[in-house]
1. Any chance segment 196-219 includes a residue that's in contact with a helix residue (DSSP H, G or I) (Cβ under 6 Å, 6 or more places away or on another chain), under 21 Å from LEU357 (Cβ atoms) and among the β-branched types (Val, Ile, Thr)?
2. Which residue is nearest to VAL365 (Cα to Cα), if the candidates are limited to segment 82-141 and must be of a type in the set (S, T, N, Q) and in contact with a helix residue (DSSP H, G or I) (Cβ under 7 Å, 6 or more places away or on another chain)?
3. Tell me, which helices (runs of 4 or more DSSP H) lie completely within segment 258-331 with 3 or more residues that are of a type in the set (Ser, Thr, Tyr)?
4. Within segment 301-312, restricting attention to residues that are crowded, with 16+ Cβ neighbours inside 10 Å, closer than 14 Å to SER169 by Cβ and out of contact with any Phe, Trp or Tyr (no Cβ under 9 Å at 6 or more places or on another chain), which residue is modelled with the highest pLDDT?
5. In segment 248-277, which residue that is farther than 16 Å from ALA92 by Cβ, modelled with pLDDT of 90 or more and aliphatic (A, V, I, L, M) is surrounded by the most Cβ atoms within 10 Å (Cβ to Cβ)?
6. Do we have LEU147 as touching a helix residue (DSSP H, G or I) at 6+ places or on another chain (Cβ under 8 Å) and either at pLDDT 80 or above or under 21 Å from GLY299 (Cβ atoms) (or both) here?
7. Among the residues of segment 175-193, are any assigned to a loop (DSSP other than H, G, I, E, B) and surrounded by 23 or more Cβ atoms within 10 Å (Cβ to Cβ)?
Amino acid sequence: MPRPAPSRIRSPPRVSHLGSPGVNGARRSDSGALGALRYRDFAFFWWAALISNAANWMQQFTVPFLIFDMTGSNTWVGAAAFTMLIPAVFLAPVAGVVADRFARQKVMVITLAVSTVACAGFAALQMTGQLTPWRIIGLNLVMGVALGIQASSWLALVPLLVPSSSLLSAIRLNSAQFTASRAIGPLTGAGLLALVGPGSVFVTNAVTYGLLLIVIATMRPRRVEPPARQRIRAFLAAGVAYVRRRASLRQAILTGFVMAYFGGALLHLAAGLASEDYGVGETGLAGLITAAGVGSVIGSVLIIGYGDRFDRSVLARLGLALYASAALLAVATTSYPVGLAGYFLSGVAHVCIAISLNSAVQSQVSEAMRGRTMSLYVMGIFGGWPTGALVGGWLGDHLGLRLVFGINGIVLALYLVSVIVRWEGLRALDSNVEVMDRAPRDQLGTPGSTA
């Protein structure tokens with residue numbers, strides 16, 4: 001009787017901790033949790049990004065408040081978020097090709113320049129009394145296009161600012177500055193909105209975008225040889241095939257979408273919940289968003305300090321459980337303090353999932369495929385945020401936001417159960433090396449290879 005052919009499916013090597021390579025052959029980071037900040041370019045980039053993202057969160061707090069104040073409609077609030085984020089979904093494939101073919105630093109400079117001009121447009125229209133809901137939608141669309149092209153290059157640029165031994169430190173710190181800005185921005189934005197007015201928020205965001213642009217323009221990232229020239233369609237298809245053959249990448253992208261769609265609505269539609277259910281104004285809205293930001297900061301500090309003690313899959317499952325609990329807690333009553341607790345949990349949940357997924361994807365992808373892989377990852381997250389906001393806002397106007405968020409919490413809980421049963425609790429995220437589980441059918445490798 002002939003012997004059966006050996007399986008081409010490879011199980012991921014077991015890794016003990018979020019940052020330690022364990023037995024998979026990758027080198028353990030020798031620079032500590034904050035080691036990436038020892039490198040000048042990364043340190044300047046990190047601080048400038050923290051300041052700029054905090055100002056961007058000021059604007060993300062201000063725009064929903066303004067548009068809800070103008071229209072009294074959750075649908076309009078959802079539409080504003082939709083137009084800001086949906087371009088990334090359609091542009092992500094092209095953005096991935098751009099990130100792999102062209103200098104990521106130059107892509108960042110150009111897109112940041114566009115964002116700076118758009119923020120200046122917001123400020124000019126607001127200060128002259130000409131800012132309307134439709135003009136908000138239009139400017140959000142411009143910023144969304146810039147963001148859609150920029151996001152993949154941003155994520156793919158970070159590994160070029162530090163040596164490989166500090167890669168995991170850089171990934172965690174990059175995620176941490178995003179989450180820290182969620183705590184700083186809304187609270188500062190509420191103060192500026194109350195004391196000076198919304199125009200000051202838009203001016204501040206434009207100035208800080210300019211600051212980040214200057215920092216990135218003066219950096220000297222490690223050079224990467226561009227891949228061989230191919231037709232764009234074939235180049236993109238190779239990236240999609242690369243992701244399809246790796247279970248960890250597929251699971252990370254789907255989990256990112258679920259988190260963004262069902263969990264992100266809590267943040268994007270907070271203006272309606274604060275006004276309709278909690279009966280608080282802009283200060284109360286700032287409190288909800290700041291509570292989420294504080295949760296993110298505390299979660300980031302704990303993960304940076306103690307993340308090596310836990311597998312990525314454990315943190316991702318914890319994040320899903322906390323997100324489900326946060327959504328249900330936020331709508332359990334009309335008590336504002338209970339709502340604050342729910343939003344705090346959502347912040348902790350977000351950072352647990354985001355850092356786990358981001359570090360898994362960045363650690364398991366080859367440099368030649370990094371831009372295209374990150375673009376598909378970005379597509380999952382940016383596909384979830386705007387659609388969750390738009391659909392949730394429309395349903396909220398007809399059914400009530402409390403019911404919508406309650407359903408979202410139940411779906412998140414069911415997804416957690418499904419990944420435990422079907423995907424061994426996302427254990428594929430725990431590897432720090434490329435793991436291919438499907439035989440290639442193109443030039444990317446031979447059957448059974450891991451390249």
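The values are calculated or read from the model by the stated rules, or taken from the named source; none is laboratory data. These numbers were taken from a predicted model, which means no experiment stands behind them. Don't worry about glycine lacking a Cβ; one is built from the backbone with ideal geometry, like all the others, and counts go over all protein chains shown.
1. So in segment 196-219, the residues in contact with a helix residue (DSSP H, G or I) (Cβ under 6 Å, 6 or more places away or on another chain) come out as 198-206, 208-213, 215-217, 219.
Restricting the remaining residues to those that are under 21 Å from LEU357 (Cβ atoms) gives none.
Among the residues of segment 196-219, not one is in contact with a helix residue (DSSP H, G or I) (Cβ under 6 Å, 6 or more places away or on another chain), under 21 Å from LEU357 (Cβ atoms) and among the β-branched types (Val, Ile, Thr), which makes the answer no.
2. That would be GLN105.
3. Once the helices (runs of 4 or more DSSP H) in segment 258-331 are filtered for at least 3 residues that are of a type in the set (Ser, Thr, Tyr), what remains is 282-306, 312-330.
4. ILE304
5. In this case the residue turns out to be MET259.
6. Here the answer is yes, as LEU147 does meet what is asked.
7. Within segment 175-193 (the criterion being assigned to a loop (DSSP other than H, G, I, E, B) and surrounded by 23 or more Cβ atoms within 10 Å (Cβ to Cβ)), the answer is no, since none of the residues qualifies.
The rows are residues; the columns are (1) in a helix (DSSP H, G or I); (2) more than 30 Å from ILE137 (Cβ to Cβ); (3) free of Cβ contacts under 8 Å to residues at least 60 places away in the same chain; (4) not aromatic (Phe, Trp, Tyr).
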site: GLY339; (1), (2), (3), (4): yes, no, no, yes
site: PHE344; (1), (2), (3), (4): yes, yes, yes, no
site: CYS352; (1), (2), (3), (4): yes, yes, yes, yes
site: ALA368; (1), (2), (3), (4): yes, yes, no, yes
site: THR373; (1), (2), (3), (4): yes, yes, no, yes
site: PHE382; (1), (2), (3), (4): yes, no, no, no
site: PRO386; (1), (2), (3), (4): yes, no, no, yes
site: GLY392; (1), (2), (3), (4): yes, no, no, yes
site: GLY396; (1), (2), (3), (4): yes, no, no, yes
